[in-house]
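**Student:** There's a structure below that I have some questions on.
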Amino acid sequence: MATVMVKLEENKIAMKNDEDKLGTNVDHVVDHSFDGIVEFVAVAEHQGFSAAARQLNCSTSHVSRQLAKLEQRLGCALVVRTTRKVNLTSQGSQYYQDCKALITGLQQANQTVADAQVSLSGTLKVSAAGTFAEMYVVPALIEFAKLHPELTVSVDFNSRYVNFVDEGFDFVIRYGKLSDSNLIAKRLVNRSMMAAASPDYVRENGEPLLPEELKHHSCIISNNDNWSFEHNSDSRRIKVNGRFHCNNANAVVEACRQGLGIAYLPRSNFVKGVEAGELLPVLANYWDTSISSWIVYQNRQFMPSRVRMAIDFLVDYFQDWRE
């Protein structure tokens, strides 16, 4: 880092000498000190020019040119380019840490000013999955959008793993036990699973009294064929089989209602069917009650006010929610 700073000082002295020779006033010279820094930080974080360009919504050639100019001004290489990815040099690594702190500080300063404005703007991009998100989260987001007329809310329903950086999602709504990662998961609500079957299925095939008996039943499989149950602090996983597989909860419930087998989903999926007498709860003493719905988002220092305020709104909205 010391070498980089020496080069910067040498460049400033050279610029001043040139200005003196031309008889110009240094105060009127355009300062290019920050040119290329945003592009360099993006390249460092995404380890590539193409990924950095997508994040910055510009061309790859622009990112490459800006970084080359930055390296020329500093008089040293900041990255090592390979066919697969871009690595930082030792000087580039230190320079990245300092530049990232500067950019974060600038973003926070900008956000402080933005937060003073009551009206939010821009686009809030959310990924969601499941009946709970359809029935409860979306209405909450609609209410949030009504409070901020300048804000655009985009909800994408899917249950796959999403790439926050490449796909631009602000947060996702998921349920179940989450795997460890560098993301932040904030619990939205606690939920319970429920096993259910149609009256016709129970009449023809009998009602299972223990989770292990599911091995002899036709089960409707959604996301996985290993179902978790609990009883008196004892947890067990049962591998099930069936002739209907679908990753859409509404379709699973309909198949269950039509008598194709036993389904096991979050309880809210079966409420209407049970109330209408079209579905019967089974294995009630063994349902897993440790399932939660989560808001998952990136672990980052800077968060746009629209994202932070939306997360806070949802947490408060569901504070007293009961399934």
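**Student:** Restricting attention to the stretch 298-323, which residues are modelled with pLDDT of 90 or more, touching a strand residue (DSSP E or B) at 6+ places or on another chain (Cβ under 8 Å) and not in a loop (DSSP other than H, G, I, E, B)?
**Tutor:** Of everything in the stretch 298-323, those that are modelled with pLDDT of 90 or more, touching a strand residue (DSSP E or B) at 6+ places or on another chain (Cβ under 8 Å) and not in a loop (DSSP other than H, G, I, E, B) turn out to be 306, 307, 310, 311, 314, 315.
**Student:** All but one of (1) over 25 Å from residue 254 (Cα atoms); (2) under 12 Å from the mean Cα position of the chain (by Cα); (3) aliphatic (A, V, I, L, M) hold for residue 178; state the number of the condition that does not hold.
**Tutor:** Among (1) over 25 Å from residue 254 (Cα atoms); (2) under 12 Å from the mean Cα position of the chain (by Cα); (3) aliphatic (A, V, I, L, M), the lone unmet condition for residue 178 is (2).
**Student:** Still on this model: Are any of the residues in the stretch 19-36 modelled with pLDDT of 85 or more, touching a helix residue (DSSP H, G or I) at 6+ places or on another chain (Cβ under 9 Å) and buried (at least 18 other Cβ atoms within 10 Å of the Cβ)? Break it down into steps so the answer makes sense when it comes.
**Tutor:** First, the residues of the stretch 19-36 that are modelled with pLDDT of 85 or more: 35-36.
After this cut, where a residue has to be touching a helix residue (DSSP H, G or I) at 6+ places or on another chain (Cβ under 9 Å) as well, the list is 35-36.
Checking which are buried (at least 18 other Cβ atoms within 10 Å of the Cβ) leaves us with 36.
Checked the stretch 19-36: at least one residue is modelled with pLDDT of 85 or more, touching a helix residue (DSSP H, G or I) at 6+ places or on another chain (Cβ under 9 Å) and buried (at least 18 other Cβ atoms within 10 Å of the Cβ).
**Student:** Turning to a different aspect of this structure: Return yes when residue 273 is over 29 Å from the mean Cα position of the chain (by Cα) and on the phi > 0 side of the Ramachandran plot and no when it is not.
**Tutor:** Values: over 29 Å from the mean Cα position of the chain (by Cα): yes; on the phi > 0 side of the Ramachandran plot: no.
No, not satisfied.
**Student:** If we scan the stretch 64-76, do we find a residue that is in the same structural domain as residue 43 (by TED's automatic domain parsing), surrounded by 13 or more Cβ atoms within 10 Å (Cβ to Cβ) and over 17 Å from residue 35 (Cβ atoms)?
**Tutor:** There is no residue in the stretch 64-76 that is in the same structural domain as residue 43 (by TED's automatic domain parsing), surrounded by 13 or more Cβ atoms within 10 Å (Cβ to Cβ) and over 17 Å from residue 35 (Cβ atoms).
**Student:** Within the stretch 65-100, track down each residue that is within 15 Å of residue 41 (Cβ to Cβ) and small (Gly, Ala, Ser).
**Tutor:** 92, 93 - these are the residues of the stretch 65-100 that are within 15 Å of residue 41 (Cβ to Cβ) and small (Gly, Ala, Ser).
**Student:** If residue 264 meets every condition in (1) closer than 20 Å to residue 178 by Cα; (2) surrounded by fewer than 22 Cβ atoms within 10 Å (Cβ to Cβ) apart from one, which number is that one?
**Tutor:** Answer for residue 264: the failing condition is (2).
**Student:** Just wondering, is there one or more residues in the stretch 91-113 that are hydroxyl-bearing (Ser, Thr, Tyr) and part of a loop (DSSP other than H, G, I, E, B)? If you could, list the steps in order and put the result at the bottom.
**Tutor:** Going through the stretch 91-113, the residues hydroxyl-bearing (Ser, Thr, Tyr) turn out to be 93, 95-96, 104, 112.
Still in the list and also part of a loop (DSSP other than H, G, I, E, B): none.
Within the stretch 91-113, none of the residues are hydroxyl-bearing (Ser, Thr, Tyr) and part of a loop (DSSP other than H, G, I, E, B).
**Student:** Can you tell me which of 184, 220 is outside any helix (DSSP H, G or I), outside the structural domain of residue 308 (by TED's automatic domain parsing) and either touching a residue at least 24 places away in the same chain (Cβ under 8 Å) or of a type in the set (S, T, N, Q) (or both)?
**Tutor:** Working: 184 fails: outside the structural domain of residue 308 (by TED's automatic domain parsing).
None of the others qualify; the one that does is 220.
The values are calculated or read from the model by the stated rules, or taken from the named source; none is laboratory data. Bear in mind that the values here come from a model prediction, so they are computed numbers and not experimental data. Glycine gets a Cβ as well: all are built from the backbone with ideal geometry, and neighbour counts include every protein chain shown.
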